[in-house]
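Worksheet: the structure to be examined is printed underneath.
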Amino acid sequence: MKSINLALGPLLLAAVLAGVPVAQACGYHDPSSVNLGMLNLAYPDTLHVRTAVWMAQLDGVISRDEQPAAGDPQTATIRAMFRLRETSLRLGWFRDRIGAALDGRPVPAFSIVLIGPMLWTRFEPAGDTLAMTAHAAGPGSEDVVIVTDAPVVAALLEGRLTPQQARSLGLVRFYGAPQNVADVASLLDRVEPGGARRMSQHNQAVEAN
Amino acid sequence: MGSITMRWSAVATVLAGSLLLPAFVAAQSDVGTADKATLEKVYPSKPGYSPYAGRNFPTLPLFGDTHLHTAFSMDAGAFGARLTPKDAYRFARGEQIVSNTGQPVKLSRPLDFLVVADHSDGMGFFPQLMGGDQELLATAQGRKWYDEIRGGKGAEAAMDIIISFGKGQLPKGFPTPGTTAYRNAWQETIKAAEAYNEPGRFTAFIGYEWTSNTGGNNLHRNVIFRGNGAQASLVEPFTTLPPLGSDNPVDLWKWMAATEQKIGSEVLAIAHNGNLSNGRMFPVVEAFGRKLDKEYVQTRARWEPLYEVTQTKGTGEAHPFLSPNDEFANFELWDKGNLDGSVAKAKDMLEFEYARAALKNGLKLEAQLGVNPYKFGLIGSSDAHTGLAAMEEDNFFGKTAPQEPSPERMTKAFFNNPTTGVKVMDWEVGASGYAAVWATANTREAIFDAMKRRETYATTGPRMIVRFFGGWDFAPADANNRLPAAVGYTKGVPMGGDLSNAPQGKSPTFLVAALKDPFGANLDRIQVVKGWLDKDGRTQERIHDVAVTGGRRIEADGRCKTPVGNTVDLESATWTNTIGGPELITVWKDPEFDARQRAFYYARVIEIPTPRWTAYDAKRFGVKPLPGTTMVLQERAYTAPIWYTPGT
């Protein structure tokens with residue numbers, strides 16, 4: 001999942017090596033910052049979600065990654081792979097929970113972007129279930145976009161947080177046509193709380209790996 | 001050494017009181033060099049009972065930022081800045097606003113002035129694009145960028161925009177001078193400054209940044225207008241992209257000359273980050289393939305009276321390699337490469353990057369060509385790309401929007417280029433600095449004129465008050481005077497001024513005084529840094545400790561070898577003012593003056609150690625700093641020099 005973040009680095013370097021005068025340089029261009037910044041342009045105030053997440057972590061509302069920064073690139077890559085797998089599995093669980101809340105009312109397609117890893121996941125109605133595209137390139141053009149982060153999804157799955165609470169804390173933001181946003185928000189609100197047991201089992205499985 | 005040190009509380013009262021006086025407009029223009037003849041005109045020789053009546057010298061130490069970016073700058077926008085020039089001025093005036101990352105933010109106290117200096121190239125591009133500008137979106141390229149950004153491919157879009165810009169392959173509607181979009185962005189910038197400019201209370205300058213960066217080598221300049229919106233509206237900023245613009249500073253100076261003619265008002269330019277120019281900021285032989293000649297040095301001196309010596313991307317006063325005897329030179333350095341990290345630093349570049357070395361080489365060029373191109377005063381500013389001039393260590397809102405406070409910024413890399421080995425961590429970004437200006441009033445005109453005569457100093461964040469005067473007749477008893485400025489202007493010239501024609505047998509004397517930031521830390525010492533051209537035409541430098549706190553001794557070699565101590569408690573991110581002192585004043589006489597040799601002198605005021613922003617972050621976020629993270633610093637101020645030129 002880090003590959004998206006790292007994508008700009010070689011490109012910028014290539015531009016420099018190709019002699020392209022990068023006149024718009026304030027300084028050093030961190031690719032993940034550019035990705036995050038661009039998201040903030042397309043979906044205004046998504047950076048507010050990032051702040052809400054770390055504030056909720058400091059308040060103990062959601063869990064905090066206590067793992068120290070990896071000292072070498074290889075360790076960082078291995079950790080990133082495990083985190084991608086863990087997050088993908090969580091999103092799969094989340095899809096199942098949302099799917100269970102479908103009640104025949106129409107729901108537009110929506111995409112969730114986790115702003116830490118900048119991981120996009122698309123959800124589309126498929127009959128009476130939801131189809132999920134993990135590690136999507138981005139949202140569909142008409143999708144409702146939901147901006148949040150991995151620890152928030154984990155907290156929702158573990159029942160430590162309701163979707164309404166997540167919204168009120170600024171941990172989740174919706175973007176799209178107002179009616180579509182209302183429909184998706186309503187769907188998420190209908191998701192049954194609980195599931196901590198299943199997530200716990202899942203976590204054990206992840207840790208075993 | 002002929003110096004004395006004493007307490008200065010009455011001076012503090014006077015200086016602080018002057019801040020509370022209603023603003024007044026100088027009866028006479030204070031433009032021009034602050035020489036003795038000019039000063040005699042503005043200071044009455046026979047005051048009445050009130051020592052303040054009739055006083056017309058600059059009494060206001062005004063603090064501001066001449067280098068702040070908002071969402072209108074392409075790179076700031078790409079990093080997610082959404083605050084506009086209006087937001088930036090509101091914040092600088094002391095209002096509480098919401099930052100780009102959703103955090104309430106307010107300065108400890110208002111600034112006195114601000115220049116929103118957005119990059120001239122592509123000004124306003126991202127707000128225009130993401131605002132759905134019809135002309136831009138009607139092009140395939142513009143639509144592609146818009147869709148990519150909305151579709152989660154912001155990085156790809158950014159790269160495409162950078163390459164397209166570099167090749168000059170820009171879609172119709174892209175904001176270049178002469179287009180409606182560009183005009184709109186410039187007008188918005190002007191309107192914001194006009195709306196928040198309040199003579200006597202807060203000065204909102206009109207300005208922009210010209211961003212020459214060929215080969216990744218920083219030659220940036222901020223351009224500031226003295227005049228008002230109507231005047232600034234008569235032109236559009238100079239850019240770097242041909243055919244409308246140029247990356248050569250000589251062409252910027254031509255634009256400035258033409259602009260002054262056209263608008264009937266003055267402009268000036270302030271260069272910055274020589275440390276990221278890889279040896280190109282202060283040339284001594286050639287620039288852009290042309291040998292330095294009299295025209296170059298005259299023109300540069302004409303348009304660039306100041307240099308921004310400290311900011312978020314490093315402090316560029318001195319470097320330990322160039323000044324091995326300066327134990328304070330290793331301060332907030334960014335010396336790993338050029339601006340984009342594409343070329344690593346080589347030691348032989350440093351001489352042409354740092355302010356002190358430039359001041360010295362300026363003497364040499366003056367001897368050769370008759371004009372000193374590097375006769376600049378010093379200021380600090382932020383270069384923040386957030387719209388927030390928040391450079392207090394305990395209130396630091398970073399350089400870019402993603403670097404606003406968060407637990408991540410202690411450990412994240414800002415840039416890492418494995419090919420060149422240039423790696424900069426977020427923790428290396430400095431919470432620096434501000435520009436201090438001695439002006440007669442808080443107005444565009446008065447501050448601009450003070451900048452032109454170089455009556456300025458740089459601070460790395462704290463608002464300490466510093467006076468520095470040079471003359472031939474200052475005596476130790478002058479340090480007993482509770483109105484040092486009255487003595488200073490009467491008997492000498494202020495920072496930024498000139499001395500010449502040394503009287504027979506006399507050495508220059510300096511009256512220097514510093515008062516701690518009322519919200520900040522005590523002072524450690526005042527130093528006078530001297531640079532000169534010796535009899536063999538070689539540049540020399542020497543640092544003199546001229547006033548120290550805590551009863552420490554200045555030895556015969558002019559140095560105090562005893563450190564002031566350190567009260568910083570990293571665990572709680574606190575310190576105490578139980579060491580150092582709140583004020584210092586002294587008269588110092590150059591002990592090794594040679595009237596035949598060109599020289600400059602500037603004061604460096606150093607605070608006691610205090611927690612760096614990283615220490616506050618570690619405490620507030622409970623984050624363990626990476627090994628090597630700087631957690632404590634000694635903030636400082638650098639005055640503009642006073643130059644001595646032998647008589648003809």
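The values are calculated or read from the model by the stated rules, or taken from the named source; none is laboratory data. Keep in mind the model is a prediction, meaning the values are calculated, not measured. When we count neighbours, we look across all protein chains shown, and the Cβ atoms used for this are built from the backbone with ideal geometry, even at glycine.
Answer yes if at least one residue in the range B:290-311 is within 14 Å of chain A (Cβ to nearest Cβ), under 27 Å from B:Trp255 (Cβ atoms) and of a type in the set (S, T, N, Q), and no otherwise.
Among the residues of the range B:290-311, at least one is within 14 Å of chain A (Cβ to nearest Cβ), under 27 Å from B:Trp255 (Cβ atoms) and of a type in the set (S, T, N, Q), which makes the answer yes.
Please determine, by comparing only the residues of the range B:400-413 that are in a loop (DSSP other than H, G, I, E, B), facing another protein chain (nearest Cβ under 7 Å) and buried (at least 22 other Cβ atoms within 10 Å of the Cβ), which one is nearest to the chain's Cα centre (by Cα).
B:Thr400
If the requirement is being in contact with a Leu (Cβ under 7 Å, 6 or more places away or on another chain), within 11 Å of chain A (Cβ to nearest Cβ) and buried (at least 24 other Cβ atoms within 10 Å of the Cβ), which of these qualifies: B:Ser99, B:Ser120?
Of the residues listed, the single one that is in contact with a Leu (Cβ under 7 Å, 6 or more places away or on another chain), within 11 Å of chain A (Cβ to nearest Cβ) and buried (at least 24 other Cβ atoms within 10 Å of the Cβ) is B:Ser99.
Return the residues of the range B:107-144 that are in contact (Cβ under 8 Å) with a residue 60 or more places away in the chain and part of a loop (DSSP other than H, G, I, E, B); say none if nothing qualifies.
Selection gives B:Leu107, B:Ser108, B:Arg109, B:Pro110, B:Leu111, B:Asp112, B:Ala117, B:Asp118, B:Ser120, B:Asp121, B:Met123, B:Gly124.
For the range B:149-199, give me the residue count where each residue is within 14 Å of chain A (Cβ to nearest Cβ) and hydroxyl-bearing (Ser, Thr, Tyr).
2
Take the conditions crowded, with 24+ Cβ neighbours inside 10 Å and either in contact (Cβ under 8 Å) with a residue 12 or more places away in the chain or assigned to a helix (DSSP H, G or I) (or both) and apply them to B:Val371. Does it pass?
Considered against the rule, which asks whether it is crowded, with 24+ Cβ neighbours inside 10 Å and either in contact (Cβ under 8 Å) with a residue 12 or more places away in the chain or assigned to a helix (DSSP H, G or I) (or both), B:Val371 comes out as no.
Out of (1) surrounded by fewer than 21 Cβ atoms within 10 Å (Cβ to Cβ); (2) at pLDDT below 95; (3) closer than 21 Å to B:Tyr638 by Cα, the odd one out for B:Pro484 is which?
With respect to (1) surrounded by fewer than 21 Cβ atoms within 10 Å (Cβ to Cβ); (2) at pLDDT below 95; (3) closer than 21 Å to B:Tyr638 by Cα, B:Pro484 is out only on (1).
Right, B:Ser342: closer than 17 Å to B:Asn273 by Cβ and either assigned to a loop (DSSP other than H, G, I, E, B) or without any contact (Cβ under 8 Å) to a residue 60 or more places away in the chain (or both) or not? Before you say what the answer is, go through the steps one by one.
Numbers: closer than 17 Å to B:Asn273 by Cβ: yes; either assigned to a loop (DSSP other than H, G, I, E, B) or without any contact (Cβ under 8 Å) to a residue 60 or more places away in the chain (or both): yes.
Taking the combined requirement at face value, the residue satisfies it.
Which one of these does B:Trp145 not meet: (1) farther than 22 Å from B:Asn184 by Cα; (2) over 28 Å from the mean Cα position of the chain (by Cα)?
B:Trp145 satisfies all of (1) farther than 22 Å from B:Asn184 by Cα; (2) over 28 Å from the mean Cα position of the chain (by Cα) except (1).
Tally time: how many residues in the range B:78-96 are within 14 Å of chain A (Cβ to nearest Cβ) and under 23 Å from the mean Cα position of the chain (by Cα)? Write out each step before concluding.
Residues of the range B:78-96 within 14 Å of chain A (Cβ to nearest Cβ): B:78-84, B:87.
Filter again for under 23 Å from the mean Cα position of the chain (by Cα), leaving B:81, B:83-84, B:87.
Here the count works out to 4.
Of the conditions (1) touching a residue at least 40 places away in the same chain (Cβ under 8 Å); (2) assigned to a loop (DSSP other than H, G, I, E, B); (3) under 30 Å from B:Gly154 (Cα atoms), B:Lys86 clears all except one; give me its number.
Going through (1) touching a residue at least 40 places away in the same chain (Cβ under 8 Å); (2) assigned to a loop (DSSP other than H, G, I, E, B); (3) under 30 Å from B:Gly154 (Cα atoms) one by one, B:Lys86 breaks only (2).
Give me the strands (runs of 3 or more DSSP E) completely within the range B:500-553, filtered to those with at least 3 residues that are within 22 Å of the chain's Cα centre (by Cα) and either under 17 Å from B:Gly471 (Cα atoms) or aromatic (Phe, Trp, Tyr) (or both), ordered by residue number. I'd like the intermediate steps shown before the answer.
Values: elements: B:509-515, B:523-533, B:539-548.
Because the criterion is at least 3 residues that are within 22 Å of the chain's Cα centre (by Cα) and either under 17 Å from B:Gly471 (Cα atoms) or aromatic (Phe, Trp, Tyr) (or both), the strands (runs of 3 or more DSSP E) in the range B:500-553 that meet it are B:523-533.
Quick one: B:Glu209 ticks every box in (1) more than 14 Å from chain A (Cβ to nearest Cβ); (2) of a type in the set (Asp, Glu); (3) within 30 Å of B:Asp340 (Cβ to Cβ); (4) in contact with a strand residue (DSSP E or B) (Cβ under 9 Å, 6 or more places away or on another chain) bar one, so which box is it?
It fails just one condition, (1).
On the basis of being of a type in the set (Val, Ile, Thr) and buried (at least 24 other Cβ atoms within 10 Å of the Cβ), does B:Val437 make the cut? Step through it out loud before you land on a result.
Numbers: of a type in the set (Val, Ile, Thr): yes; buried (at least 24 other Cβ atoms within 10 Å of the Cβ): yes.
Yes: the conditions hold for B:Val437.
Can you confirm whether the range B:158-168 contains a residue that is more than 22 Å from B:Leu244 (Cβ to Cβ), crowded, with 17+ Cβ neighbours inside 10 Å and not assigned by TED's automatic domain parsing to the domain that holds B:Lys254? Give the steps one after another, and end with the answer.
First pass over the range B:158-168, keeping only residues more than 22 Å from B:Leu244 (Cβ to Cβ): B:158-159.
Next, only the ones that are crowded, with 17+ Cβ neighbours inside 10 Å stay: B:158-159.
Then keep just the ones that are not assigned by TED's automatic domain parsing to the domain that holds B:Lys254; that gives B:158-159.
Yes: the range B:158-168 contains one or more residues that are more than 22 Å from B:Leu244 (Cβ to Cβ), crowded, with 17+ Cβ neighbours inside 10 Å and not assigned by TED's automatic domain parsing to the domain that holds B:Lys254.
Among the residues of the range B:484-491, is any without any contact (Cβ under 8 Å) to a residue 24 or more places away in the chain and charged (D, E, K, R)?
yes
Would you confirm whether or not the range B:231-252 contains a residue that is of a type outside the set (D, E, K, R), without any contact (Cβ under 8 Å) to a residue 60 or more places away in the chain, in contact with an Asp or Glu (Cβ under 7 Å, 6 or more places away or on another chain) and more than 12 Å from B:Val116 (Cβ to Cβ)?
No: zero hits.
Please verify whether the range B:44-66 includes one or more residues that are outside any helix (DSSP H, G or I) and within 11 Å of chain A (Cβ to nearest Cβ). Before the answer, list the steps.
The first filter runs over the range B:44-66 and keeps only residues outside any helix (DSSP H, G or I), leaving B:44-66.
Among the residues that remain, those that are also within 11 Å of chain A (Cβ to nearest Cβ) are: none.
Within the range B:44-66, not a single residue is outside any helix (DSSP H, G or I) and within 11 Å of chain A (Cβ to nearest Cβ).
Applying the selection to the range A:102-148, what residues are away from every other protein chain (no Cβ under 12 Å), under 26 Å from A:Val53 (Cβ atoms) and in contact with a helix residue (DSSP H, G or I) (Cβ under 6 Å, 6 or more places away or on another chain)?
Answer for the range A:102-148, where residues must be away from every other protein chain (no Cβ under 12 Å), under 26 Å from A:Val53 (Cβ atoms) and in contact with a helix residue (DSSP H, G or I) (Cβ under 6 Å, 6 or more places away or on another chain): A:Val107, A:Pro108, A:Phe110, A:Leu130, A:Met132, A:Ala134, A:Val144.
Which one of B:Thr456, B:Thr460 is closer than 24 Å to B:Glu392 by Cα, of a type in the set (S, T, N, Q) and in contact with a helix residue (DSSP H, G or I) (Cβ under 8 Å, 6 or more places away or on another chain)?
The unique qualifying residue is B:Thr456.
Quickly run through the range B:136-177 and pick out the residues that are at positive phi and either hydroxyl-bearing (Ser, Thr, Tyr) or in contact with a Ser or Thr (Cβ under 9 Å, 6 or more places away or on another chain) (or both).
Those that are at positive phi and either hydroxyl-bearing (Ser, Thr, Tyr) or in contact with a Ser or Thr (Cβ under 9 Å, 6 or more places away or on another chain) (or both): B:Gly152, B:Gly173.
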